[in-house]
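Single-structure report; data block below.
The values are calculated or read from the model by the stated rules, or taken from the named source; none is laboratory data. What you see is a predicted model, and the numbers here were worked out from it, not measured in a lab. Because the Cβ atoms are built from the backbone with ideal geometry, glycine has one as well, and the counts that use them run over all protein chains shown.
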Amino acid sequence: MSASSSEKGLGLSMVLFGVAIVVIVVIKTAVGALTSPPPADMSDAAVAERIAPVGQMNTGEPIAAAAPAPAASGSTAPRSGEEIYNTVCMACHANGVAGAPKFGDAEQWAPRIAKGIDGLMHSALNGLNAMPARGTCANCSDDELKAAIEFMVSKSGGESAAAPAAAEAPAAAPAPAAEPAPVAAVEAPAAEAAAGRSGDAIYHAACFVCHATGAAGAPLFGNAEQWAPRIAKGMDGLMHSALNGLNAMPPRGTCADCTDAELQGAIQYMVDNSK
């Protein structure tokens with residue numbers, strides 16, 4: 001009886017041991033299947049790709065470099081001379097304001113044309129009499145200013161301003177302004193322009209051309225009587241006139257690069273000094 005029980009216990013132990021071994025093998029196989037990387041692709045194409053050299057030496061014809069991608073256009077095309085004239089220059093040249101030679105008047109333009117393009121560009125870039133530096137167009141490039149000059153010359157009795165004047169033809173002095181401008185033009189530096197120029201700066205860079213002399217019917221700076229009916233309009237009315245133009249004043253008052261806030265600052269500056 002005792003021997004039989006022992007044999008049964010030993011047999012059971014062996015069965016349990018075998019089951020444990022099977023379970024361990026199954027678990028190990030399952031875990032290995034989950035964690036092992038997939039088998040490598042052993043096809044001819046895959047093997048050839050894996051053993052291909054990292055570089056190649058060209059011993060034949062030179063290989064043309066790929067054409068670079070065109071740069072994105074971040075700047076606009078330069079404006080035409082006619083566009084610059086209609087945006088800025090016409091404020092004075094359309095009616096001969098402040099001694100400016102009148103557009104289309106060959107007699108007035110003749111002595112200017114005699115200077116040649118270099119002389120005309122010097123006057124435009126540096127200012128002359130009542131005309132401030134760059135002719136109130138602070139955002140015009142030199143090429144755009146030159147194009148505007150050539151446009152006015154071509155419409156005022158000159159074929160082209162490009163040819164230099166004859167040495168024996170001295171340039172006549174331009175007609176003086178009705179009254180001397182009280183201040184010189186001041187160009188706002190780029191950093192100041194980016195931050196927003198003051199009303200004082202805008203007035204002395206653009207507005208003073210007409211308002212300092214009362215040219216073309218502009219209310220004279222500091223004249224309370226002339227400004228009274230304008231001030232009565234309120235700021236909204238004054239801004240409407242400045243933005244859209246009024247009588248001889250073109251839209252934005254010849255300051256095409258002024259923001260609305262800068263124009264309002266210039267108006268407020270003139271109002272404060274003309275009460």
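Evaluate the following for R230: is it at positive phi and not in a loop (DSSP other than H, G, I, E, B)? So that I can check it myself, show each step before the final result.
On the way: at positive phi: no; not in a loop (DSSP other than H, G, I, E, B): yes.
In short, no.
Does N223 qualify as being on the phi > 0 side of the Ramachandran plot and of a type in the set (S, T, N, Q)?
No.
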Of all residues in region 258-275 being surrounded by fewer than 18 Cβ atoms within 10 Å (Cβ to Cβ) and touching a residue at least 24 places away in the same chain (Cβ under 8 Å), the one that is farthest from Y203 (Cα to Cα): K275
A256, sole failed condition from (1) assigned to a helix (DSSP H, G or I); (2) within 13 Å of T136 (Cβ to Cβ): (1)
T35 vs. criteria modelled with pLDDT of 70 or more and over 30 Å from T136 (Cβ atoms): no
Flag for A242 being crowded, with 17+ Cβ neighbours inside 10 Å, closer than 16 Å to T136 by Cα and touching a Leu at 6+ places or on another chain (Cβ under 8 Å): yes
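Each row is one residue, and each column tells you yes or no for (1) in a helix (DSSP H, G or I); (2) within 16 Å of H93 (Cβ to Cβ).
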residue	(1), (2)
L120	yes, yes
G135	yes, yes
N139	no, no
E144	yes, yes
G158	no, yes
Is it true that T213 is assigned by TED's automatic domain parsing to the domain that holds L263 and at pLDDT below 85? yes
So, first residue in the same structural domain as A218 (by TED's automatic domain parsing) and closer than 12 Å to L263 by Cα in region 228-239, second residue surrounded by 15 or more Cβ atoms within 10 Å (Cβ to Cβ) and of a type in the set (D, E, K, R), Cβ within less than 9 Å, six or more apart or across chains; the pairs are L238/R230
